[in-house]
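The values are calculated or read from the model by the stated rules, or taken from the named source; none is laboratory data. Predicted model, so just to flag it, every value in this text is computed and none were measured. Heads up, the Cβs are rebuilt from the backbone with ideal geometry, glycines too, and the neighbour counts pull from every protein chain shown.
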Amino acid sequence: MPIASRAFASFKYRTGTEPLFERARDSYTKYRQLFEARQLYGLTPPPRHLQERILNGYFPQYFSSGRQIAKEILSLVPGTPRRVLDFGCGSGRVTIAVSKSLPNASICATDIDAEAIDWCREHITCAEFDANSHYPPTRYSSGSFDLIYAVSVFTHLPEKMQHDWLAELARISCGRLVLSIHSRHHYQHIPPADVDKFLERGFYYLECGTTDGLPDFYQSTFQTHDYIRSEWGKHFEIEDIKERALGWKNHDAVICRVR
Ligand SMILES: C[S@@+](CC[C@H](N)C(=O)[O-])C[C@H]1O[C@@H](n2cnc3c(N)ncnc32)[C@H](O)[C@@H]1O
């Protein structure tokens, strides 16, 4: 944490004003979200607990981050996709922004989180939402989508489940996929004693506690680019891996194509 932030945090703590600052920050978040949701999409923001479930916090940038990621994803694929799937859409932060950028595309979105999907179905009309099971298959026919993206989904799944879902995504794709993985700067979360093992094997599944509302398997996963090329390469042609290309430099983007 930068020195200025540390000093400010200590000031708030010592003077007992921390709760006051937190309340002010939450109010700012609430009103900025309300304003953006209404102005941009004519809706109300998803409830706070659904946002916290996917972002691990409550942030004023909920909608702007969705817009930024949508822009980044669409800049990574050629042409104008017409049939799009948001795999692991959460409360539709990115889905809604993608649908704005692709007004003529048919957009589907799916997640294991039935509560988030119920909220999306009730509030977002520009996409068709589904709740999928923890394990494949989905209800979609083979070759349904010319663009499938998954933002921060394969960053949470154990290895066998990743392979099962990659095979399913390969089945329902007829074009490109953009799948996010943790960038190198996230490797700091791997326990130091395991880093060498991780770098040799290329895959690490960190069990770091459960997330309210999501199943126990939802943990933190890290993969090296060599691992992606050899293991994910069994399912798709890996066209490119762009470092820190998604979410304001937060995640790497794996750009895949069905063979
Ligand atoms: C970090 S959140 C990201 C949500 C959304 N992509 C976004 O960026 O706002 C990860 C999401 O993946 C979903 N998820 C995890 N495993 C899944 C699976 N097997 N199938 C579909 N969704 C899954 C979770 O329920 C959660 O909504």
What single numbered condition from (1) under 30 Å from Pro78 (Cβ atoms); (2) within 14 Å of the ligand (Cβ to nearest atom); (3) among the charged types (D, E, K, R) fails to hold for Arg257?
-> (2)
Pairing a residue in region 70-99 that is farther than 16 Å from Leu55 by Cβ with any residue that is among the basic types (Lys, Arg), where Cβ atoms lie under 6 Å and the two sit 6 or more apart in sequence or on different chains, gives Val77/Arg176
If we ask which residues in region 166-199 are closer than 25 Å to His134 by Cα, of a type outside the set (Lys, Arg) and assigned to a helix (DSSP H, G or I), their number turns out to be 6
Please enumerate the residues belonging to region 75-131 that are assigned to a helix (DSSP H, G or I), away from the ligand (no atom under 11 Å from the Cβ) and touching a Phe, Trp or Tyr at 6+ places or on another chain (Cβ under 7 Å).
-> Arg121
Take Arg82 and decide whether it is within 25 Å of Ser220 (Cα to Cα), surrounded by fewer than 20 Cβ atoms within 10 Å (Cβ to Cβ) and at pLDDT 95 or above.
-> no
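Quick grid of which residues meet (1) surrounded by fewer than 16 Cβ atoms within 10 Å (Cβ to Cβ); (2) among the small types (Gly, Ala, Ser); (3) more than 12 Å from the ligand (Cβ to nearest atom); (4) within 15 Å of the chain's Cα centre (by Cα):
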{"position": "Tyr149", "(1), (2), (3), (4)": "no, no, no, yes"}
{"position": "Phe154", "(1), (2), (3), (4)": "no, no, no, yes"}
{"position": "Ser173", "(1), (2), (3), (4)": "no, yes, yes, no"}
{"position": "Leu179", "(1), (2), (3), (4)": "no, no, no, yes"}
{"position": "Tyr187", "(1), (2), (3), (4)": "yes, no, yes, no"}
Give the number of residues within region 132-145 that are within 14 Å of the ligand (Cβ to nearest atom) and surrounded by 17 or more Cβ atoms within 10 Å (Cβ to Cβ).
-> 3
Of all the residues that make up region 132-153, how many are out of contact with any Pro (no Cβ under 8 Å at 6 or more places or on another chain) and not in a strand (DSSP E or B)?
-> 15
So Phe217 clears everything in (1) closer than 26 Å to Ala97 by Cβ; (2) of a type outside the set (Ser, Thr, Tyr); (3) within 20 Å of the chain's Cα centre (by Cα) except one condition, right? Which one?
-> (1)
Return a yes/no flag: does region 157-168 have any residue that is under 18 Å from Cys89 (Cα atoms) and in contact with a Cys (Cβ under 8 Å, 6 or more places away or on another chain).
-> no
In region 156-171, how many residues are away from the ligand (no atom under 14 Å from the Cβ) and touching a Phe, Trp or Tyr at 6+ places or on another chain (Cβ under 7 Å)?
-> 1
